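Written below as structure tokens is the structure these notes are about.
All of the numbers you see were taken from the coordinates with simple rules; none came from a lab. All of these numbers come straight from a predicted model, not from anything done at the bench. As a convention, Cβ positions derive from the backbone with ideal geometry for all residues, glycine included, and neighbour counts pool all protein chains shown.
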Amino acid sequence: MTKTDPLTITIMGKEYRIACPEEEKANLKASADLLNDKLNEIKQQGSVIGTERIAIMAALNMSHEVLSGASMREENAETNQRIDSLSDRISDTMRKIQLI
């Protein structure tokens, strides 16, 4: 069983203690830093007022980035499949040409 020790992270000036396995602490800290960066970015733009609204906008922006990345990975996988299929067809055609 993995031992979990609390990790203290600070988000928008407030400290949170979160139980976290030792091997995940660096990832959790990096996640908190990324979230803080997004929150501060939105706060500095000044177009969104209120901590809750800033948090919602940051979450929405980050979710959009994740989904956009997933969509791009899916498109890349489809393109790679098409390339593989075309490569197979070209190889087949070249073999046929050599037989003639």
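Once you keep just the Cα pairs under 8 angstrom separated by 6 or more residues, what percentage relative contact order results for region 4-48? Mind showing how you got there, number by number?
On the way: 37 pairs, mean separation 14.6, N = 45.
Relative CO of region 4-48 lands at 32 percent.
Is there a quick way to get the dipole size of region 47-100? I mean about its Cα centre, with the Cβ of Lys and Arg at +1 and of Asp and Glu at -1; what is the value in debye to the nearest 20?
On the way: 6 positive and 8 negative charges, 45 e Å.
That gives region 47-100 a dipole magnitude of about 220 debye.
Full extension from Ile49 to Ser63: what is 0.36 nm times the residue separation minus their Cα-Cα distance, to one decimal in nm?
Values: separation 14, 0.36 × 14 = 5.04 nm, distance 2.02 nm.
So the extension gain works out to 3.0 nm.
As a check on your grasp of the helix formula, calculate [θ] at 222 nm for the chain: sum -39500 (n - 2.57) over DSSP H runs of n ≥ 4, divide by the residue count, round to the nearest 500. Display every interim value, and only then the final one.
Numbers: 2 runs with 70 residues, N = 100.
Result for the chain, helices only: -25500 deg cm²/dmol.
What does the charge dipole of the chain about its Cα centre add up to, to the nearest 20 debye, if the Cβ of each Lys and Arg holds +1 and the Cβ of each Asp and Glu holds -1? Mind showing how you got there, number by number?
Numbers: 13 positive and 16 negative charges, 19 e Å.
Here the size comes out at about 100 debye.
Taking Lys43 as the anchor, which aspartates and glutamates have their alpha carbon closer than 20 Å to its alpha carbon, excluding any fewer than eight residues away along the same chain?
Glu15, Asp33, Glu52, Glu65
Among 86-98, 9-21, 35-47, how do they line up from the highest to the lowest mean number of other beta-carbon atoms within 10 Å? Before the final figure, lay out each step's value.
Working: 86-98: 9.5, 9-21: 11.9, 35-47: 13.5.
Ranking the peptides 86-98, 9-21, 35-47 by packing returns 35-47, 9-21, 86-98.
How long are the three semi-axes of the equivalent ellipsoid of region 1-48, in whole Å, if each is the root of 5 times an eigenvalue of the C-alpha gyration tensor, listed from largest down? Each step should come with its number before you reach the end.
Numbers: eigenvalues 147, 20, 6 Å².
Sorted largest first and rounded, they come to 27, 10, 5 Å.
What residues have an amide H closer than 5 Å to that of Cys20, excluding those fewer than 5 places away on the same chain, when H is modeled at 1.01 Å from N in the peptide plane?
Correct list: Asp5, Leu7.
Please report the relative contact order for the chain, taking Cα pairs under 8 Å with a sequence separation of at least 6, and give it as a percent rounded to a whole number. Let's see the in-between values first.
Details: 51 pairs, mean separation 14.8, N = 100.
Contact order relative to length: 15 percent.
I'd like the Karplus ³J(HN,Hα) series for region 38-55: coefficients 6.51, -1.76, 1.60, θ = phi - 60°, whole numbers in Hz, and an x wherever there's a Gly or Pro.
In residue order, the calculated couplings are 5, 4, 5, 4, 5, 4, 5, 5, x, 7, 10, 10, x, 4, 5, 5, 4, 4 Hz.
Could you work out the Kirkwood radius for region 43-93, taking every pair of different alpha carbons, averaging 1/r and inverting it, reported in Å? Mind showing how you got there, number by number?
Numbers: mean 1/r = 0.0712 Å⁻¹.
One over the average 1/r among Cα pairs gives 14.0 Å for region 43-93.
What is the projected area of the convex hull of the Cα atoms of the chain, averaged over all directions, in nm²? Working shown, then result.
On the way: hull surface 46.3 nm².
Computing the convex hull of the Cα atoms and averaging its projections yields 11.6 nm².
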